[in-house]
Amino acid sequence: MCVRSRIMQGRTRREFLKNIGQVVTVGGASSLLSGCAGVCRTTSSQRNRPNIVFIMTDDHAAHAMSCYGSRINKTPNLDRIAKEGMLFRNCFCTNAICAPSRATILTGKYSHVNGVIDNKVNFDASQPTFPGLLQAAGYETALIGKWHLKSDPTGFDYWNILPGQGEYFNPEMIEMGRRTKYTGYVTDIITDKCMDWLRNRTSDKPFCLLYHHKAPHRNWQPDAPHAIMFENADIPLPPTFDDDWTTRCDAARQQQMTIQNHLVDSDLKRQPPTGLTCKSLKNWKYQQYIKDYLRCVASVDDNVGRFLDFLDMSGLIENTIVVYTSDQGFFLGDHGWFDKRFMYEESLRMPLLVRFPKQIKTGSINEDIVVNIDFAPTFLDLAGVPIPADMQGRTFKSLLRGKTPADWRKSMYYHYYEYPGWHMVKRHYGIRTQRYKLIHFYHDIDAWELYDLLKDPRELNNLYDDPAYAGLVKKLKAELTLLRKQLGDSDDLTARFLREHPAGDMP
């Protein structure tokens, strides 16, 4: 049997390969001796059409990855994808909340088009998705792990998903409609299931595997091998930890996602020491939160590492596109917050790493604006499958080859709907260019914020009322209006959606 035990922290790649067992060379490609018949077959079909492995985590902020310059943790296995492929510095989501981002990734369409504006709405699985289109074009498709879209998955030859958010320990999973409870840690189990599916394939078709983790979603429960990481260390506070939101509108003050007041007992998992000052208590809560978050990330990193080794040893490396992302960013104490939702950088930004030896130069970095509506058309384009005309995203295949089209987007549009609801973040929409960000908070508020991301990358100084920026505000508002029109979004459409789907959501 091929190994199924998880790499423990500190184990080397050499030790992993030793434990896998004897390796032989078959047809010029390394293969595992036993249990890998389906994986190790290399056909002309597979050589001509790339396999796709799409790895996605939940709430993994780019600034908790060392390849993005993290100050607080190391992610050597995720860094490996960046070193062997391309890192995107400016990948953003269109609606920073779990289900809407997932629906956007699947369909290549904004929330107001695919219908999933928040976590309450059932995803209409009858609409075209990139896995379904790949399946129709001859790919074998599978989804294993987190789904979080309420309806049953379609467009997959095989699926095995967590119900809802799923559990960290001894999770139930729904395999093709049948529930089974597994013993163990969810990050390990999802990885094992993905390798099992690849190992037992008998098809000669190219494959598309969605390998989707629950971690590091709240309430951040690490497994035993990582539970003592950082135990005797203090994680550095983010530079904006004590942001008082002075220049921001009331939306920043009326949210309910502060480290100070809104982490609950199940997040912290222990009672604080007695006698702490208000400031010391806030710092103590941050340490409890961030250490468990980073421990969950470390388990993801270890599991991605053993999965990458499995791909390499199975002879799949050359013809398999490996993509790593998360459904949105996350506040890691930044501005005093946890969670996401706001259009500020830590929440808006998604990590995006892509490895494909045939087409991507190792160690590449891309600075162009890429949005999660672009994922679906890109996967289709890489597979040679026609992109539906109604997809709102654009393939970034040329970016992977180091070429930016002259007409590539210079700005992106964002829209968050869910208020009142979980964490009480006001409804807002906005535009982000390479340098500026303009946000409009609306509904029971009418407020604007403008940030110069070059001079103020931490978004501490709202410039909207500064007369020196009046001309820029006018220009950005015109561009925002044009984007909304081009994308088919409007105040009337929003009002209709919210009448049909009253506010309030699942976490």
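The values are calculated or read from the model by the stated rules, or taken from the named source; none is laboratory data. If you're wondering where the values come from, they're calculated on a predicted model, not measured in any experiment. Every residue, glycine as well, gets a Cβ built from its backbone with ideal geometry; the counts of neighbours run over all protein chains shown.
Residue-by-condition table, conditions (1) surrounded by fewer than 20 Cβ atoms within 10 Å (Cβ to Cβ); (2) within 20 Å of Thr247 (Cβ to Cβ):
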position: Arg401; (1), (2): yes, no
position: Met412; (1), (2): no, no
position: Pro420; (1), (2): yes, no
position: Val425; (1), (2): no, yes
position: Gly430; (1), (2): no, yes
position: Leu460; (1), (2): yes, yes
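For Pro225, the conditions (1) over 30 Å from Leu134 (Cα atoms); (2) in a loop (DSSP other than H, G, I, E, B) all hold with the exception of (2). Among residues of the stretch 412-448 being in a strand (DSSP E or B) and of a type in the set (Val, Ile, Thr), the one that is farthest from Asp489 (Cα to Cα) is Thr433. Of everything in the stretch 165-179 that's touching a Lys or Arg at 6+ places or on another chain (Cβ under 7 Å) and at positive phi, which residue is surrounded by the fewest Cβ atoms within 10 Å (Cβ to Cβ)? Checked the stretch 165-179; the qualifying residue surrounded by the fewest Cβ atoms within 10 Å (Cβ to Cβ) is Asn170. Looking only at residues of the stretch 230-282 that are of a type in the set (A, V, I, L, M, F, W, C) and assigned to a helix (DSSP H, G or I), we find that the one that is farthest from the chain's Cα centre (by Cα) is Cys278.
Here Lys426 fulfils each of the conditions (1) touching a residue at least 60 places away in the same chain (Cβ under 8 Å); (2) on the phi > 0 side of the Ramachandran plot apart from (2). Do you know which of the residues in the stretch 144-193 that are of a type in the set (Lys, Arg) and more than 22 Å from Leu134 (Cβ to Cβ) is modelled with the lowest pLDDT? Checking each candidate, the answer is Lys150. For the stretch 140-152, the criterion of being over 23 Å from Glu175 (Cβ atoms) and of a type outside the set (S, T, N, Q) is satisfied by no residue at all. Looking at the stretch 181-197, is at least one residue touching a strand residue (DSSP E or B) at 6+ places or on another chain (Cβ under 9 Å), touching a residue at least 12 places away in the same chain (Cβ under 8 Å), part of a loop (DSSP other than H, G, I, E, B) and under 12 Å from Tyr158 (Cβ atoms)? Taking every residue of the stretch 181-197 in turn, none turns out to be touching a strand residue (DSSP E or B) at 6+ places or on another chain (Cβ under 9 Å), touching a residue at least 12 places away in the same chain (Cβ under 8 Å), part of a loop (DSSP other than H, G, I, E, B) and under 12 Å from Tyr158 (Cβ atoms). With respect to Arg11, is the statement that it is crowded, with 20+ Cβ neighbours inside 10 Å and at pLDDT below 95 true? Judged against the criteria, Arg11 is not a match. Per the listing Ile360, Ile373, the residue uniquely in contact (Cβ under 8 Å) with a residue 60 or more places away in the chain, closer than 29 Å to Leu209 by Cβ, among the aliphatic types (A, V, I, L, M) and not in a loop (DSSP other than H, G, I, E, B) is Ile373. Checked against (1) in a strand (DSSP E or B); (2) under 18 Å from Gln486 (Cβ atoms); (3) not polar (S, T, N, Q), Asp390 passes all but condition (1).
Out of all the residues in the stretch 105-150, which are in a helix (DSSP H, G or I) and either of a type in the set (A, V, I, L, M, F, W, C) or farther than 21 Å from Lys426 by Cα (or both)? Result: Ile105, Leu106, Thr107, Val113, Asn114, Phe130, Pro131, Gly132, Leu133, Leu134, Gln135, Ala136.
Would you call Thr94 part of a loop (DSSP other than H, G, I, E, B), modelled with pLDDT of 95 or more and buried (at least 24 other Cβ atoms within 10 Å of the Cβ)? I'd like the intermediate steps shown before the answer.
Details: part of a loop (DSSP other than H, G, I, E, B): yes; modelled with pLDDT of 95 or more: yes; buried (at least 24 other Cβ atoms within 10 Å of the Cβ): yes.
The answer is yes for Thr94.
From the list Asp242, Asp250, the one residue that fits, being in contact with a Phe, Trp or Tyr (Cβ under 9 Å, 6 or more places away or on another chain) and more than 24 Å from Ser66 (Cβ to Cβ), is Asp250.
If the condition is being hydrophobic (A, V, I, L, M, F, W, C) and in a helix (DSSP H, G or I), then the stretch 460-488 contributes Ala468, Ala470, Leu472, Val473, Leu476, Ala478, Leu480, Leu482, Leu483, Leu487.
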